[in-house]
1. List the accessible area buried at the contact between A and B, summed over both sides and calculated with a 1.4 Å probe, in Å² to the nearest 100.
2. Name the residues of the range B:77-100 whose accessible area falls by at least 10 Å² when all protein chains are present instead of the chain alone, probe 1.4 Å?
3. Determine the shape class of the range B:215-302: with a ≥ b ≥ c the square roots of the Cα gyration tensor eigenvalues, call it rounded for a/c under 1.5, and otherwise prolate if a/b is greater than b/c, oblate otherwise.
Amino acid sequence: MEILVVLIPVSVVLIGIAAAIFLWAVNNDQFEQLDKHGFDIFEEDSGDEK
Amino acid sequence: MSVCTISVSDMHCAACAGKIRRALTTLDGIEATHINPVRRQVLVEHGRATDPLQILNTIESAGFTPTLAGLDDHDERQRDLLKRLGIAGLAMMQVMMAAIALYAGSFDGIEPAYERLLQFTSLLFTIPVVCYSAVPFFTSALSSIRGGGLNMDVPIALAISIAFSVSLHATLTGGSDVFYDSVVMFTFLLLGARYIDNRLQRRFDLTGQLLSALPSTALRIEAGERQPVPVAELAPGDQIWVPEGAQIPVDGTLDGNTALLDEAVLTGESDWVEKQTAETVYAGTLNRGAGFGLTATRTVDESRIADIAQLAEQAEVGQARITRITDRIAGIFIPSVLALAALTFVIWQFVDPSRALMAMLTVLVVSCPCALSLATPAALTAAMTRLRQLGVVLTNSEALERVLDVNRVYIDKTGTLTTSRPAILHTEVLDSGMNQAECLTLATALQRYSSHPYATAFEHAGADSGPGWTVEDVETVTGGGVRGWISADAGGPSAEFRIGSASFAGASGEADDRSVYLARAGWVIARFDLSNQVRPDAMASVTALKNLGIAPVMLSGDSPERCAETAAVLGIDFLARQTPEAKLAAIHADQQRGARVLMLGDGINDVPVLAGADVSAAVVEASDLVKSRSDVLLLSRRLAPLTDLFRVARQTRSITLQNLIWAAAYNLTAIPVAALGLMPPWLAALGMAASSTLVMLNATRLLSVAPTEAAPGMEA
């Protein structure tokens, strides 16, 4: 059971990383308009990129 | 009088709404306050002397954070909730894991060192939940207490902080009763419910949907080149190109020959309409045909779509009577809940002190009256959004309740039952010196100034007037016609021409209301017989109304014979050749007999009649005066949206009732069960979250009420 002393700090670090990734994703609009990209194929190419 | 709309993001419940309303009554110059708890908005009608800043300050001193609406704070709030929810979720997984070990340990024995380790691990993961995720509950509860009231976050904040401090105390003093799992679970589930409710609310966001129908840029034709410019910069007179499949950016007149448009966003009518040169096209509608040019006649803000959005907004923020009743119920509710929770704790002290704390926490969490206070506003808001999509704008949200009682509909015939475009059936020239073409040209020249539906019959009837023609001193006479001075060449002799009803033009003999007379200098020179046809969809709508138990009655200025003709086709009652006074008397007589009357009118002379009816409706082409006096605005000339109105109103009543019964039943059963200690804490949090989400979900059912179709089976 001594392994807990190692595993729990490891899990704390992993969760810390997961939380950081999650916050980054929300702040960078990764969860905005989740269904938007499905409709992209109907949009005409605006031509201003390229 | 001015109106300002204020968003109050931390107004979660009826008690808050009541507090804001009370705070605003202390301010001078406030004429009316309308609160919409669903959209978290306050609409204040105030005198010119009142500064909107003062209103903001007043709301702030009542313990809220107001912002002037118009800024899209919805996305920001949603993102903030998502972050708090995600953190709570991640933490909950860890705390639950430790909790399982701790529960197992309390049954099978656990080494004190490991128990400490697990408790501290739980504490470590609970701290971000309490200090970050649960913060909205604390700030909202605190600000409500500071403002001298209690909102529904008070019980939640109490439950979270009591559970956390008891656990913290146990962890630090070596006790074994920790409730970290309850703390994170309460927070996660309650935040989850709030997040979902917020998302659902967005579907009710009517104004946002309407204005999102507008493109953000337009192609302005500058020196033959199509330049993209922001829509807000467009001014009347600008030439604009609308490509195939694009939305029209602003109201204007068509320059091309024809255009095929989808006006569903404005009228709810799914059939595409063809527009001719110089006809008005509206912002937000969709170009289904080839690209065309248009000349802007208005700016975006003045376009019809913006008008409709504003009307809808006002109605939406207005509150219905039922809402106020629920407000009062919820206002009494929270203090009672707190008292009940305290009582539970005290009684359990005598029965089984070890279960007292848990029972009290469960009562606090389970008894939130959110479902109760959302029940009516959620349904009303959803109903209004759906009606707008179907082509009906409510300018007064209380009208939806009055619509329920209506069992008689007076329909002003012109345009709604018969085609809006009368055609010239026959031209009779009564002056030997004139020919038919000349008469039509003269009539067309004069009728251009008239807004009477009959005038549209002349729109393309006559040739364009000759090059030297002048039409001067034009005057339109309501109920009569148009008169003006026309001369064949500029500066030459001119004569007074009149076009209009028989009496106006000076015709003698049998007057016929479906004929238009043209007179020169007092002598009738031509008679135009017009025909009106029964609109193809009117039949189905009339049948649908009858199936709903509503008797339609046709009102008309036409002769009884002509009315009887149309009425017989439609199978409805009619009142022919009525003055406004007589129409009003007829409505009063019906009301005396216990009928509730909806009046659909479109002329200025109908204003007193509209005012006398229980519910007044107007078509969108009606004059501004009529529209401002109407409870209901039909966005097209079809009658089908009117039947939709009745169907949605009835559906709204049953959904509101279901919501109220569900909310009341939930609170009445959950609280005793929780007080008796029979409810596990996870079920309490889930039940509370589910109760309000269910109410919102039930309301969204209104968003999918199907439109009345002219289904073949309907005639039966």
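The values are calculated or read from the model by the stated rules, or taken from the named source; none is laboratory data. What you see is a predicted model; the values in this text were computed from it and never measured. Heads up: the accessible areas ignore ligands, DNA and RNA and are worked out on the full protein's heavy atoms, side chains in. Shrake-Rupley method; radii C 1.70, N 1.55, O 1.52, S 1.80 Å.
1. Numbers: alone 5120 and 30940 Å², together 34640 Å².
Looking at A and B, the buried total is near 1400 Å².
2. With the partner chains in place, the range B:77-100 has these residues losing at least 10 Å²: B:Arg79, B:Leu82, B:Lys83, B:Gly86, B:Ile87, B:Leu90, B:Gln94.
3. Prolate is the answer for the range B:215-302, as a/c is 1.5 or above and a/b outweighs b/c.
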